[in-house]
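Novice: Sharing a structure below in structure tokens format, with a few things to ask.
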């Protein structure tokens, strides 16, 4: 990918799986100079960086989008396995695959949701960002530094980010260039981004492993809500959810996914519907500081709250029986890998951290429910 971009190509991430557009575009620690998902490549040096749906998820609209890419000029790089491709699609049209686990690998099952906790969810996020990070480092070794988004949650980021937007009165939309002009960054060795990104995720996994009692309690609460005929309200503010799950529309004749998904809103005061009542359960894995008054109001209504943010548990939130705090120690700026000589980190970790927690809690819930 880096060789093509250094030769003048552009990069875009077409949405074979729509969640990738939310995960990869406009993201702290990601590329500012991405072209839109619908962008039409004009050169063999242009790069399409896409996520492959698992086998069995290639509906007609996805196959039509892939057909357009196969007939286009861009080089295709895929987050996924070669055998994810449908029969008849030439794998040699792709320049590379990240690999990953098979779509059926995971834990537990419920009706058509098998596995209920698919390992592929974590794999595609982690492998996609590792590939992007190694591409960024390869560009640095080639003498060019990509322009990277600074998190909107950091002071001064709006001013800093907009300073790179190239604006004129000739056309729109306006966008940032892929590379900085006249910017030198010391070269980083192959494997640097992967090592540091995986190192941080390893520390988050160790932190979760040390919170087995809390994960079990969260699963117990979710199971009790499900057994009482309620569906827990769930919010993960890591860009990917709920789109990454590719859940079908609800149908009374089909098994219902055991969690109810809300919009990706970090503020507790705006993330929950107003009709929640005593005995309901909210799982909110947030992004910004805890809204303490909103949390107290939720708990005051007799609602159980499973909550975390990277800013940590505030001193004002005292222990109580309906409040369960999880520790997911990813950095508040989201981006996690330092680039010496550059003022912004690369590679966001929130989606990976939240997916690890979700898979663990879902498995605890499934175990309580007796799902096979």
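Novice: Working only within the range 47-74, note down all residues that are surrounded by 17 or more Cβ atoms within 10 Å (Cβ to Cβ) and out of contact with any strand residue (DSSP E or B) (no Cβ under 7 Å at 6 or more places or on another chain).
Specialist: Taking the range 47-74 and keeping what is surrounded by 17 or more Cβ atoms within 10 Å (Cβ to Cβ), we get 47-54, 58, 62, 66, 69, 74.
Correct list: 53, 54, 58, 62, 66.
Novice: For the range 1-15, give me each residue that is closer than 19 Å to residue 130 by Cβ and part of a loop (DSSP other than H, G, I, E, B).
Specialist: Scanning the range 1-15 gives 1, 13.
Novice: Can you find even one residue in the range 298-315 that is in contact (Cβ under 8 Å) with a residue 60 or more places away in the chain and under 15 Å from residue 214 (Cα atoms)? Give the derivation first.
Specialist: So the first thing to find is which residues in the range 298-315 are in contact (Cβ under 8 Å) with a residue 60 or more places away in the chain, and the list is 304, 306.
From what's left, under 15 Å from residue 214 (Cα atoms): 304, 306.
The answer is yes; a qualifying residue exists.
Novice: Further, regarding this structure: Look through 273, 189 and report the one residue that is at pLDDT 95 or above, assigned to a loop (DSSP other than H, G, I, E, B), over 16 Å from the mean Cα position of the chain (by Cα) and more than 30 Å from residue 55 (Cα to Cα).
Specialist: Numbers: 273 fails: at pLDDT 95 or above.
189 is the lone residue from the list that is at pLDDT 95 or above, assigned to a loop (DSSP other than H, G, I, E, B), over 16 Å from the mean Cα position of the chain (by Cα) and more than 30 Å from residue 55 (Cα to Cα).
Novice: From the list 13, 36, 87, 42, pick out the single residue that is under 30 Å from residue 265 (Cβ atoms) and exposed (fewer than 15 other Cβ atoms within 10 Å of the Cβ).
Specialist: 36 is the lone residue from the list that is under 30 Å from residue 265 (Cβ atoms) and exposed (fewer than 15 other Cβ atoms within 10 Å of the Cβ).
Novice: Somewhere in the range 96-112, is a residue surrounded by fewer than 16 Cβ atoms within 10 Å (Cβ to Cβ) and within 28 Å of residue 35 (Cβ to Cβ)?
Specialist: Checked against the condition, which is being surrounded by fewer than 16 Cβ atoms within 10 Å (Cβ to Cβ) and within 28 Å of residue 35 (Cβ to Cβ), the range 96-112 yields at least one hit.
Novice: Looking only at the range 107-136, which residues are closer than 28 Å to residue 337 by Cα and assigned to a strand (DSSP E or B)?
Specialist: Within the range 107-136, 117, 118 meet the criteria.
Novice: OK, next. Return the residues of the range 281-325 that are surrounded by 22 or more Cβ atoms within 10 Å (Cβ to Cβ), in contact with a helix residue (DSSP H, G or I) (Cβ under 7 Å, 6 or more places away or on another chain) and not in a strand (DSSP E or B); say none if nothing qualifies.
Specialist: Those that are surrounded by 22 or more Cβ atoms within 10 Å (Cβ to Cβ), in contact with a helix residue (DSSP H, G or I) (Cβ under 7 Å, 6 or more places away or on another chain) and not in a strand (DSSP E or B): 287, 298.
Novice: Here is a follow-up. Within the range 53-81, restricting attention to residues that are within 22 Å of the chain's Cα centre (by Cα) and free of Cβ contacts under 8 Å to residues at least 40 places away in the same chain, which residue is nearest to residue 12 (Cα to Cα)?
Specialist: Once the filter is applied, the top-ranked residue is 76.
Novice: When residue 161 is evaluated against the numbered criteria (1) outside the structural domain of residue 234 (by TED's automatic domain parsing); (2) under 29 Å from residue 359 (Cβ atoms); (3) touching a residue at least 40 places away in the same chain (Cβ under 8 Å); (4) not in a loop (DSSP other than H, G, I, E, B), which criterion, by number, is the only one it fails?
Specialist: Residue 161 satisfies every listed condition except (2).
Novice: Let me confirm something: among 171, 230, which residue is part of a loop (DSSP other than H, G, I, E, B) and under 30 Å from residue 360 (Cβ atoms)?
Specialist: Checking each option against the conditions leaves just 230.
Novice: Still on this structure, please answer the following. What's the number of the only condition in (1) out of contact with any helix residue (DSSP H, G or I) (no Cβ under 7 Å at 6 or more places or on another chain); (2) surrounded by fewer than 20 Cβ atoms within 10 Å (Cβ to Cβ) that residue 194 fails to meet?
Specialist: Unmet condition: (1).
The values are calculated or read from the model by the stated rules, or taken from the named source; none is laboratory data. Given the structure is predicted, the values throughout are model-derived calculations rather than measurements. Neighbour counts run over all protein chains shown; Cβ positions are idealised from the backbone, glycine included.
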